[in-house]
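The values are calculated or read from the model by the stated rules, or taken from the named source; none is laboratory data. Not measured: the values here are computed from a predicted model. Note that each Cβ is placed from the backbone with ideal geometry, even for glycine, and that neighbours are counted across all protein chains shown.
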Amino acid sequence: MGNDTKYKARTFRAVGTRPVRPDGIDKVTGRARYGADFSMPGQLVGRVLRSDVPHATIKKIETAKAEALPGVKAVITAKDLPDYTDGDEELYAVLDNCMARKKVLYDGHAVAAVAAVDEKTARAALKLIEVEYKIHKHVTDVDEAFKPSAPVIRKDCFTTGVKPRPKKASNVSACSEFGHGNIKKGFKEADVIIERQFKTGQTHQGYIEPHACVGSISPDGSGDLWVCTQGHFVYRQMCSQLLGMDQSRLRVTSSEIGGGFGGKTHIWIEPVALALSRKANQPVKVVMSREEVFRASGPTSATSIDVKMGVTKDGRITAGEATLRYASGPYPGSWAQLGAMTAFACYDMPNVKTTGYEVLVNRPKTTAYRAPSAPMAAFAVESVIDELAKEISMDAVDLRIKNSAQEGTQSSYGPVYGPIGIGATLEAAREHPHMKAPLGENQGRGMACGFWFNFGGQSCTSLNIAEDGSVTLTVGTIDVGGARASLSLVVAEELGVEYEQVKTVIGDTGTLGFNEMTDGSRGTFASSMSAIVSVRQAIVQLKSRAAQIWDIPVDAVEWKDGHAVATGRGAKNRQPLSVADIAASAAKTGGPLAGHAQIVADGAGVSFATHICDVEVDPDTGRSTILRYTVLQDAGKAVHPTYVEGQFQGGAAQGIGWALNEEYIYGKDGRLQNPGFLDYRIPVCSDLPMIDTQILEIPNPNHPYGVRGVGETSIVPPLAAIANAVSNATGVRMTQVPMSPPRVLEALDEHLAMSRRRKRA
Amino acid sequence: MRRYDTRDIAVQYLAPQTMTEAVQALAESKGRVHVLAGGSDLLARMKGGYLEPDVIVDIKRIKSMSVIKKRAEGFSIGAGVPCIHMGRHSALKKAWPGVVEAAGLIGSDQIQGRCTIVGNLCNASPAADSVPALFAAGAMAVIQGPKGERIINIENVVKGPGKTSLKKGEMVERIQLPVKQARSGDAYLRLTPRTEMDIAIVSASVNLTLDRAGTVTEARVALGAVAPVALLVAKAGKALIGTQLDDEALETMAAACRDACDPIDDKRGTIDYRTRVAGVLATRAAKLAWQRAGGK
Ligand SMILES: Cc1cc2nc3c(=O)[nH]c(=O)nc-3n(C[C@H](O)[C@H](O)[C@H](O)COP(=O)(O)OP(=O)(O)OC[C@H]3O[C@@H](n4cnc5c(N)ncnc54)[C@H](O)[C@@H]3O)c2cc1C
C-alpha cells in the first residue's frame, strides 16, 4: 500500500458507477460561478486596445487623451509591464503576446489597455488612444511563410535543429526529426507507394466561456487573481514572474470553467488585469469579447503536410515518411514536433522518418488544442493508409490491424510500448455493427485511428475528514471534464465509504502545493493517483486512532470496507469502527484526521482510439451530413463511464467541426474575417448524429486502478475518418480540411474535368 | 409611454402602445432612430458596438401589430409577430408553406420567439431568409408614416445592404400576402453549411400556379444572397410558364437564375459557388413548389 501506485487487479464497488454529477444543478440553474461572475467592491472595467494591422512597428502610443477622460483610472502599455523575463525566451513571448512591446505581430495583438469606472467609459477611452505604426509586409499562410522569399517576421529567427545553423533569418524557427530504420530500403520493398500533400485550416478550441478574470493588487504588493483557467498554479507562476512578484504573494482562485480544450493553459488578459489594478490601485475585471477570443487567444496550428507510404501486396507497411509544417503564430513553438512524433504512432513501422518545421506567421500565438498537433498528422497519414488499402484491395481495417503497434513495438517517436489498446480498438471496430450497416446513394463510410501520449506530472491533494465522518478532498488540478465526480468515486472506493459522503473541491493556490494544469488528459489520472495516496495516509491515521480507542497495538487493526477492524486476540467484543465513529472522537485521539499527498504521477500510459463515420455528400452542393458516428477507445479503467463517454463524444464533435467547416479565414489585408460563431462554424446539436461510444478497458500498469487519460485522443481520428468517408462517398480523395461545401464541390468538379480529359486523351 | 435610459449605452427607449404613438415617436425623435421589433439584429449590433442609436422605439406593445389576420385580400402578418407564431398558424402554413418555412429557418428556437419577418426585411441583409420567399409570394408591405399609409411591393422596400426606402418617421406596419390561389404552391430552400444558426450562402424561393392539366400558369422565382439585395428573377419565372417542369424548362430556369446572380467572393462562399448553387436550389425549390401545387 502506501506510495506504491502500480496497478493491482480488483473488483470495484464505486468506481465504474454513474452517479449524478456534483456540479450539475448549479451549472444548469446558472448558480455556478464562472470567470466573469466574480466581482469585488470598487472594481473597474478593463478593456484592451488591439491592433488592426497584422505586422507593424509601434512608433508611438499617445495615451494622454484617454487618461484625461473622466472615469478613466489607468491606461497601460508595454511600459507598465517591465521585462522581468531574464532571458527566458518562452516567457518573453508570453509577455510580448500579452502586450506588444515593439512590434504588433498579428491582427488583434494587444497594444494598450484601460481601466475605467464602467464599460462605456472604457470603450470611449480606447478610441482616444492613438497608435502610430510603421507597417511591414505580412504573411498569414503557412506555405507562403515557409518560402525563402516570404517577409521575415523575426529578424532573430534562425532555424534550430538543422546543421549547420542557417546564417539567414527565416520564418522557420525549428526543425525536428524522428524515426528509425531505413526508409529508402523500406520504399524499395514496397509494391505500392502513395505520396500526397495535405492542408488543414486553423481552428479555435471554441470554448463557450470567454477568458475572464478579476485582478487585484494591493499597495502592500500582494495580489489576488480570480480567473477561469485550466491551471491556476501555472497562471500564478507566470503572472507573478511577469509582474515581478514572489509567487506566494499572488493567490489565484479558479472559477468554474466553460470549456478550455487547451486554450486556458496560457495567460492572455491576466497580467493585463493585474498591471491595470496595480496602476489604478483598484480591482480590475477584464472579460474578452467573442471577437477578442478569436482574434487574440488560443488557435491551433494551420498545417501543410506531405506523406509518403509504401506497402507490400499482402499488406505489410514497409516505410512511412512525413514532412510537417505547422504554423505557430508569430512566436516559436514546438507544434510540428508533436505532429512529427504522433504521425505514425499507431503503427509498427519498420522504417519511418518524420520531419517537423515550426513556421512563424502573422496570426495569433498558437496554443494547445486537445491532443495538440495530432489530429492534422493523423488526417494525413490515415488518409494515405486508406488509399494504400484500396490500391492493394485490402479492407482498410484489416490493413491497420495487420500493422498496428503492440506491446513491445518501438514507437515511431522512440520509446517501446507497454500494453496498449490500438489493436483492441481496431478488432472491436471490425466487429461493430456499424461496420456492416447498409449505405445509400451518395453515402460513404470511413474509419481512422488516433494516438495521444497523455501526461501525469506533479499533483498535490489533501483529504480532510470532518467530525461527522464526511470527507472533503481538495485538489489543485482544475475540474474541466468532470474530475470532481470521478475523484469522489475514487475516494469512496479507496476509503470504503459512500460516494455521497465525499465532496471534492478545487483549492486555491494558497491551499496546496504545485499542481500541473489540466492538460495532457492528466486530470483524473494524476489527481486520482494522488487522492488514493491521500486516502492511504488517512487510513494509516484512522487505524492508529482505532488502536488508541481500543487500546490495542496498531498492527492488530485492519482497514476493511470503510471500517477499522480489530484482529487477533483484540477482535473479541470489538465492533468495527466506521470513519464517522473514529472521527467523532478525533479531538481526544490526536486532532483532525487528514491525508496529504504530493506526487509526480508518472506512467500516464498512451492512449488509442478508432472511429467510424458515415457521411452523405450532396453532389450538387458539396454539403456533407454526418449520418452515423462511432468512437471506440481504450480508457484503461473508466472511473465514471458517463463522463468518459462524454469525452469521447466531445472530441468527435469538435473533430467533426474541424473536418467540415471550422477555419480561420484571413483577408488579403491580414485581418481575420470571421471572428465570431456565425462565420466560424462549430457544429450545433442538429449537425451531429448521436455519437455512439464503446469503452475498452486495458488497464494502465502504472495506475492503482489502471486509469488512463481519456480526454484528448478522441479528437485525433475524426478529420481522417470523415475525410475517408467523404472520399468513399464521392470517389474523390479529399486532401484539405475543412471540407466545406464550396471546397468539396470544387474537388468534385476538378475530378470530373480530369476524368473527362482522360477519356478524351 | 415609457421612457428610460440604459446605463452603458445611453439610448432613449420608447414603448408606444398604439401605432399613432409609434409613428409620432419615430417622426419627432432626433438623431438615429430605430424601430425595435424582436431585436435579434438590432440589439446584437448595439452590443457589438456596430450601431449606437439615440432612440429606439419598441413596437411589441402595440397589440394591433402583433397579430396574424386572414382578410379578404389575403393574410396579414403584423410587424410585431414573432416567427414562431407563423409556424404555429396552421391556415397560414397551409396557404404559404414556403414563406412559413423561410421564416422558421431564422436562427434557433430562442431567436424564433423574438424575430420578425419585418425585422428580417428592414435589416436589409442580402441573405435574409424570409425575403426571397416574400418576393416569390408577391407580398406587399404596408407602411405607416407621418403622411399616412402607403402600400408598396415587397421588392421596393430594400434598396441595398443595410438600406431601405423608408423615410424619416416611417415604419412597416404589416406584410400583406395575396389570396392563395387554387393549385398553387411555394417553397424556399437555402444552403447553409450548418443545419441551423447560420446564414444563407445562397437561397431560392419559387411560387407556382398550375392549371387543371398541370401546366404552370404563373411562376415567381426569387434568389437570396447572390446580389446586394434579394432578386426576383422574371426570366426564370417565365421559363417555367407553359411547361410542366420538364428538364429543359428547369435548366432554362436555372440558367436564368445563374445569369441573374451578381454575388461577391467572401468568407462565406465564392462567386462561382454561389452562382452555381443558385441554379441547383431554384430547381429543387421549383420541384417542391410544383408538388405542393398538386403537380404530378
Ligand atoms: C443567433 C442569430 C441567428 C440568426 N439567424 C438568422 C437566420 O438564420 N436567417 C436570417 O435571415 N436571419 C438570422 N438572424 C438575424 C435576425 O434574427 C433576423 O434578421 C430577424 O428576422 C430580425 O428580426 P427582429 O424582429 O429581431 O429585428 P430587429 O432586430 O428588431 O430589427 C432589425 C432591423 O429592422 C428594423 N425594423 C424592425 N422592425 C421594423 C419595422 N416594423 N419598420 C421599420 N424598421 C423595422 C430595426 O430598426 C432594425 O434596423 C439571426 C440572428 C441571430 C442573433
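Would you confirm whether or not region A:137-151 contains a residue that is surrounded by fewer than 18 Cβ atoms within 10 Å (Cβ to Cβ), among the aromatic types (Phe, Trp, Tyr) and out of contact with any Cys (no Cβ under 6 Å at 6 or more places or on another chain)?
The answer is no; no qualifying residue exists.
Is it the case, given these coordinates, that B:Ile201 is within 19 Å of A:Val744 (Cα to Cα), under 21 Å from the mean Cα position of the chain (by Cα) and outside the structural domain of B:Pro126 (by TED's automatic domain parsing)?
yes
Every residue, every condition in (1) within 14 Å of the ligand (Cβ to nearest atom); (2) not assigned by TED's automatic domain parsing to the domain that holds B:Cys257, yes or no:
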| position | (1), (2) |
| --- | --- |
| B:Leu121 | yes, yes |
| B:Ala127 | yes, yes |
| B:Ala136 | no, yes |
| B:Val142 | yes, yes |
| B:Glu170 | yes, yes |
| B:Arg194 | yes, no |
| B:Met197 | yes, no |
| B:Leu208 | no, no |
| B:Gly214 | no, no |
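Looking only at region B:34-42, decide whether some residue is farther than 21 Å from B:Leu177 by Cα, surrounded by fewer than 17 Cβ atoms within 10 Å (Cβ to Cβ) and outside the structural domain of B:Ile154 (by TED's automatic domain parsing).
No - not one qualifying residue is present in region B:34-42.
Which of the residues spanning region A:342-364 are part of a loop (DSSP other than H, G, I, E, B) and crowded, with 24+ Cβ neighbours inside 10 Å?
Within region A:342-364, A:Ala343, A:Phe344, A:Ala345, A:Cys346, A:Met349, A:Leu360, A:Val361, A:Asn362, A:Arg363, A:Pro364 qualify.
If I filter region A:700-714 for residues that are within 9 Å of chain B (Cβ to nearest Cβ) and either out of contact with any helix residue (DSSP H, G or I) (no Cβ under 9 Å at 6 or more places or on another chain) or at pLDDT 95 or above (or both), do I get at least one hit?
no
Where residues in region B:61-78 are at pLDDT 95 or above, touching a Pro at 6+ places or on another chain (Cβ under 9 Å) and not in a strand (DSSP E or B), which of them is nearest to the ligand (Cβ to nearest atom)?
Once the filter is applied, the top-ranked residue is B:Ile62.
Which residues, counting only those in region B:268-284, are of a type in the set (Val, Ile, Thr) and either over 22 Å from A:Arg681 (Cα atoms) or more than 9 Å from every other protein chain (Cβ to nearest Cβ) (or both)?
Listed by number, the residues that qualify are B:Ile271, B:Thr275, B:Val280, B:Thr283.
Would you check if A:Ser277 is polar (S, T, N, Q), touching a Leu at 6+ places or on another chain (Cβ under 7 Å) and surrounded by 21 or more Cβ atoms within 10 Å (Cβ to Cβ)?
no
For the condition under 29 Å from the mean Cα position of the chain (by Cα), farther than 28 Å from A:Gln241 by Cβ and surrounded by 15 or more Cβ atoms within 10 Å (Cβ to Cβ), what is the one hit in A:Gly30, A:Gly16? Spell out how you get there, then give the answer.
Details: A:Gly30 fails: surrounded by 15 or more Cβ atoms within 10 Å (Cβ to Cβ).
Testing whether each residue is under 29 Å from the mean Cα position of the chain (by Cα), farther than 28 Å from A:Gln241 by Cβ and surrounded by 15 or more Cβ atoms within 10 Å (Cβ to Cβ) leaves just A:Gly16.
For residues that are in contact with a strand residue (DSSP E or B) (Cβ under 7 Å, 6 or more places away or on another chain) and surrounded by 23 or more Cβ atoms within 10 Å (Cβ to Cβ), scanning just region B:100-120, find the one that is farthest from B:Pro82 (Cα to Cα).
Filtering first and then ranking leaves B:Ala102.
Before we move on, is A:Ala169 surrounded by 18 or more Cβ atoms within 10 Å (Cβ to Cβ), touching a residue at least 12 places away in the same chain (Cβ under 8 Å) and of a type outside the set (S, T, N, Q)?
no
Tell me which strands (runs of 3 or more DSSP E) are completely within region B:105-163 and hold 1 or more residues being in contact (Cβ under 8 Å) with a residue 40 or more places away in the chain and of a type in the set (D, E, K, R), or say none if there are none. First the steps, then the outcome.
Numbers: elements: B:140-145, B:148-153, B:158-160.
Qualifying strands (runs of 3 or more DSSP E): B:158-160.
Going by what's in this entry, would B:Val81 be described as touching a Ser or Thr at 6+ places or on another chain (Cβ under 9 Å) and more than 13 Å from the ligand (Cβ to nearest atom)?
In short, no.
Scan A:Ala377, A:Ala368, A:Ala389 and give me the residue that is aliphatic (A, V, I, L, M), assigned by TED's automatic domain parsing to the domain that holds A:Asp143 and assigned to a loop (DSSP other than H, G, I, E, B).
A:Ala368
The conditions are (1) in a loop (DSSP other than H, G, I, E, B); (2) more than 14 Å from the ligand (Cβ to nearest atom), and B:Gly98 fails exactly one of them. Which is it?
So the condition that B:Gly98 fails would be (1).
Mind listing just one residue for me: the one in region A:665-679 that is under 14 Å from A:Arg290 (Cα atoms) and more than 9 Å from chain B (Cβ to nearest Cβ) and, of those, surrounded by the most Cβ atoms within 10 Å (Cβ to Cβ)? Step through it out loud before you land on a result.
Kept after step one, since they are under 14 Å from A:Arg290 (Cα atoms), are these residues of region A:665-679: A:672-679.
Checking which are more than 9 Å from chain B (Cβ to nearest Cβ) leaves us with A:672, A:675.
Numbers: A:Leu672: 25, A:Pro675: 22.
Among those that are under 14 Å from A:Arg290 (Cα atoms) and more than 9 Å from chain B (Cβ to nearest Cβ), it is A:Leu672.
If you go through region A:78-124 one residue at a time, how many are of a type in the set (A, V, I, L, M, F, W, C), outside any loop (DSSP other than H, G, I, E, B) and away from every other protein chain (no Cβ under 14 Å)?
In the first step, residues of region A:78-124 are kept if they are of a type in the set (A, V, I, L, M, F, W, C); the result is A:78, A:81, A:91, A:93-95, A:98-100, A:104-105, A:110-117, A:122, A:124.
Restricting the remaining residues to those that are outside any loop (DSSP other than H, G, I, E, B) gives A:78, A:91, A:93-95, A:98, A:104, A:110-116, A:122, A:124.
From the residues that got through so far, the ones that are away from every other protein chain (no Cβ under 14 Å) too are A:78, A:91, A:93-95, A:98, A:104, A:110-115.
Going through region A:78-124 one residue at a time, the tally reaches 13.
Provide a single number: the residues in region A:680-699 that are more than 30 Å from A:Ser51 (Cβ to Cβ), touching a residue at least 60 places away in the same chain (Cβ under 8 Å) and within 11 Å of chain B (Cβ to nearest Cβ).
Of the residues in that region, 2 qualify.
Do we find that A:Asp37 is at pLDDT below 95 and among the acidic types (Asp, Glu) in this structure?
no
Let me spell it out: the conditions are (1) surrounded by fewer than 24 Cβ atoms within 10 Å (Cβ to Cβ); (2) part of a helix (DSSP H, G or I), and A:Thr474 meets all of them except one. Which number is the exception?
All conditions pass for A:Thr474, except number (2).
List every residue pair whose Cβ atoms lie under 6 Å apart, where the two residues are 6 or more positions apart in sequence or sit on different chains, the first residue falls within region B:31-43 and is away from every other protein chain (no Cβ under 14 Å), and the second residue, located anywhere, is more than 6 Å from the ligand (Cβ to nearest atom) and outside any loop (DSSP other than H, G, I, E, B).
The qualifying pairs are B:Val33/B:Leu26; B:Val33/B:Val55; B:His34/B:Ile56; B:Val35/B:Val57; B:Leu36/B:Ile56; B:Leu36/B:Asp58.
A:Ala556 passes all but one of (1) more than 30 Å from A:Ala638 (Cβ to Cβ); (2) modelled with pLDDT under 95; which number fails?
(2)
Out of the residues in region B:101-119 that are near the ligand (Cβ under 7 Å from one of its atoms) and under 15 Å from B:Asp198 (Cβ atoms), state the one that is farthest from the other protein chains (Cβ to nearest Cβ).
That would be B:Cys115.
Looking at (1) within 16 Å of the ligand (Cβ to nearest atom); (2) away from chain A (no Cβ under 14 Å); (3) surrounded by 14 or more Cβ atoms within 10 Å (Cβ to Cβ), which one does B:Gly148 not meet, given that it meets all the others?
(3)
So which residues in region B:247-267 are away from every other protein chain (no Cβ under 13 Å), crowded, with 20+ Cβ neighbours inside 10 Å and of a type in the set (A, V, I, L, M), if there are any at all?
If the condition is that a residue be away from every other protein chain (no Cβ under 13 Å), crowded, with 20+ Cβ neighbours inside 10 Å and of a type in the set (A, V, I, L, M), then B:Met253, B:Ala256, B:Ala260 are the ones that fit.
Conditions tested, residue by residue: (1) assigned to a loop (DSSP other than H, G, I, E, B); (2) more than 30 Å from B:Lys94 (Cβ to Cβ); (3) at pLDDT below 95.
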site: B:Tyr4; (1), (2), (3): no, yes, yes
site: B:Val23; (1), (2), (3): no, yes, no
site: B:Met46; (1), (2), (3): no, yes, yes
site: B:Tyr50; (1), (2), (3): yes, yes, yes
site: B:Val57; (1), (2), (3): no, yes, no
